[in-house]
Amino acid sequence: MKTILVPFDFSEEAENALEFAKGLATIVQGNLKLLHVIEIPTAQNFNTTGEVGLGGEEINNIFIVELVEKRKKQIAEIKEKHQNLPYKFSTKMVFGNPYAGISNEVSEIKADIIIMGSKGSSGLEELLIGSNTEKVVRHAKCPVITIKGSVLPSDIKSIILASDFTEDNGEIILPLKALQESLGAELHLIKVNTPNSFENSRDSKAKIKEFIAKHQLDHVTFEIYNCDSEEDGIIQYAEDNNIDMIAMATHGRTGFMHLLSGSIAEDVVNHSKRPVWTMKIK
């Protein structure tokens, strides 16, 4: 977690994500990168430094010019506040599609983790549109922490990892262990049993115990939890046990396969009030 990327849009949710990232960067003494993406209607009129050539749509372009200058000033003010800190801090402003901008930056700086704010979504908006956060959760090449409210790393004393504890989920455990150790948190492993995906407790416990031993997990407990759906079970267990963060794997499916299989991780990101740590399984 040495390189931390924070997509930043000046919203309250983004401010919360930045505060969390600053706390984490202090703990790991890493590199914190703030990225602001300006989505513009006439991108061909801009170059990468933000200089603008006014074309036929002068009114729109003047608005964008004013917005760019405003954002440059705001980012400069943020950067000014980040002097003489126990971690490196840098900023970047790019133009275009937010999801594409975030993805490009992840690859360019080889980000170890993304921390971003989310308002969440539900109903028709969730079904038809999704969000940039949801796209990042689904496709990011590194772990993502989604932040809804005001929370700091020091507040995270317990993390729940919801899984079926098959070998496919083993690849997420190393970065999650690194986060757990950095935060000094207790890890709770849970298997949610549902009517449509039932497994007897003996088999589930055997898989979880094998998972714990294989990955040499410390400060860990486990439980089988029964509920009508995986998503509700995860959120309810977290609420019932005052868990501070939820951790899950996501398969990154898109299109028809995404509709068929659903995505429990994305549903939890949308509906949970707690921070959610996700990582795409390759």
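Candidates in the range 93-117 are the residues that are touching a residue at least 60 places away in the same chain (Cβ under 8 Å) and open to solvent by 50 Å² or more (accessible area, probe 1.4 Å); of these, the one that is nearest to the chain's Cα centre (by Cα) is Asp112. Note on the range 1-26: among residues that are touching a Lys or Arg at 6+ places or on another chain (Cβ under 9 Å) and under 13 Å from Phe89 (Cβ atoms), the one that is most open to solvent (accessible area, probe 1.4 Å) is Thr3.
Only one of the numbered conditions (1) exposed (fewer than 14 other Cβ atoms within 10 Å of the Cβ); (2) under 30 Å from Ile115 (Cβ atoms); (3) of a type in the set (Gly, Ala, Ser) is not met by Ala206, and that is (2). Per this entry, Thr221 is counted among residues that are part of a strand (DSSP E or B), open to solvent by 50 Å² or more (accessible area, probe 1.4 Å) and at pLDDT 90 or above. Only one entry in Ile246, Ile212 is open to solvent by less than 60 Å² (accessible area, probe 1.4 Å) and not in a strand (DSSP E or B), namely Ile212.
Would you mind finding the one in Asp203, Asp164 that is within 22 Å of Tyr225 (Cβ to Cβ) and either polar (S, T, N, Q) or outside any helix (DSSP H, G or I) (or both)? Outline the logic, then answer.
Working: Asp203 fails: either polar (S, T, N, Q) or outside any helix (DSSP H, G or I) (or both).
Asp164 is the lone residue from the list that is within 22 Å of Tyr225 (Cβ to Cβ) and either polar (S, T, N, Q) or outside any helix (DSSP H, G or I) (or both).
The values are calculated or read from the model by the stated rules, or taken from the named source; none is laboratory data. In this text, all values refer to a predicted model and were calculated from it rather than measured experimentally. For neighbour counting, all protein chains shown are included, and Cβ atoms are generated from backbone atoms with ideal geometry for every residue, glycine included. The area values use the complete protein model at the heavy-atom level, side chains included, leaving out ligands, DNA and RNA. Shrake-Rupley method; radii C 1.70, N 1.55, O 1.52, S 1.80 Å.
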